Amino acid sequence: MTNRFLIYILLISVTMLGLFSCTTIPKNATAVNSFDKEKYLGKWYEVARFDFKFERNLNNTSAEYSLNENGTIKVDNQGYNTVKNQWQQSIGKAKFVRNDSTAMLKVSFFGPFYGGYNVLAIDEDYKYALIAGGSLNYLWILSRETSIPEDIKTKYLAIAEKVGYDTSKLLWIEHDKKK
């Protein structure tokens, strides 16, 4: 083998590694420690999110988390597309990046491609959560109900802004339809 061929193989390997790995948490963010995945399972409503192509035009959005037999977490996202006037569903899986007690996960809806899913804040009753993606382009506020108390909202917005999020870009989600 020539050195040129070895360099070519090395470059392809590094490129592939970059494609199949992801940054899982923004630089200034910290995932919740002492996380209880069992308490997190169940249905959550999106109260607010940053707009991005996979949820564009969706309202009445929710996520339901349950355990798969292999230990990963099933992610069942649903929302009502206001342009197509129909419900949409996307099912994926989530895996913990470190351990089950650190709320730093990676989520996939498309085979080997994963994105960060990080719980930055959660109340002790697991009713409200602040979620960061792998970059400052993804942010969600979730609730077990379709709304969130003003004091929790204020607290979560402050945490997000401290990390570096521009919270003025948040979409506040309507929950006016039932499936």
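Suppose the chain between Gln88 and Arg144 were pulled fully straight at 0.36 nm per residue; how much longer would it get relative to their current alpha carbon spacing?
Gain in length upon complete extension: 18.2 nm.
Counting Lys +1, Arg +1, Asp -1, Glu -1, what net charge surrounds Asn57 among other residues with beta carbon under 13 Å of its beta carbon?
Computed value for this residue: +1.
Which of Lys37/Lys179; Lys84/Lys155; Lys153/Lys179; Lys27/Lys178; Lys43/Lys169; Lys39/Lys153 have a Cα-Cα distance over 30 Å?
Lys84/Lys155; Lys27/Lys178
Given the Cα-Cα distance of Asp151 and Leu67 and 0.36 nm per residue of separation, how much length would full extension add, in nm?
So the extension gain works out to 27.1 nm.
In the P(r) worked out for the chain, what percent of Cα pairs fall beyond 26 Å?
Beyond 26 Å sits 33 percent of the P(r) for the chain.
So how tilted is helix 3-20 from the main axis of the chain? Cα-based, degrees 0 to 90, rounded to 10.
10
I want the local charge near Gln78. Using Cβ-Cβ distances under 12 Å, sum +1 for each Lys or Arg and -1 for each Asp or Glu among the other residues.
Around Gln78, the charge tally is 0.
Any chance you could check the Cα centroid distance between the stretch 26-51 and the stretch 101-120 for me, in angstrom?
Going from one Cα centre to the other spans 10 Å.
Taking only DSSP H segments of four or more residues, each worth -39500 (n - 2.57), what value at 222 nm results for the chain once the sum is divided by all its residues, to the nearest 500 deg cm²/dmol?
-6000 deg cm²/dmol
Anyone know which of Asn70, Asn33, Asn57 comes out most mobile in the 10 Å Cα GNM of the chain?
Asn70
What ranking of Leu142, Leu171, Leu67 emerges when the number of other C-beta atoms within 10 Å of each C-beta is taken as an exposure proxy, fewest first?
Result, fewest neighbours first: Leu67, Leu171, Leu142.
Mind checking the full-extension length gain between Trp172 and Asp76? Use 0.36 nm per residue of separation minus the Cα-Cα distance, one decimal, nm.
Working it through step by step, the gained length comes to 32.5 nm.
Relative to the longest principal Cα axis of the chain, at what angle does helix 150-163 sit, 0 to 90 degrees, rounded to 10?
Compared with the principal axis, the helix lies near 20 degrees.
Quick note: the coordinates plus some simple rules give every number you see, no bench work behind them. All values derive from a computational prediction rather than experimental measurement. Reconstructed Cβ throughout: ideal geometry from the backbone, glycine too, with neighbour counts over all protein chains shown.
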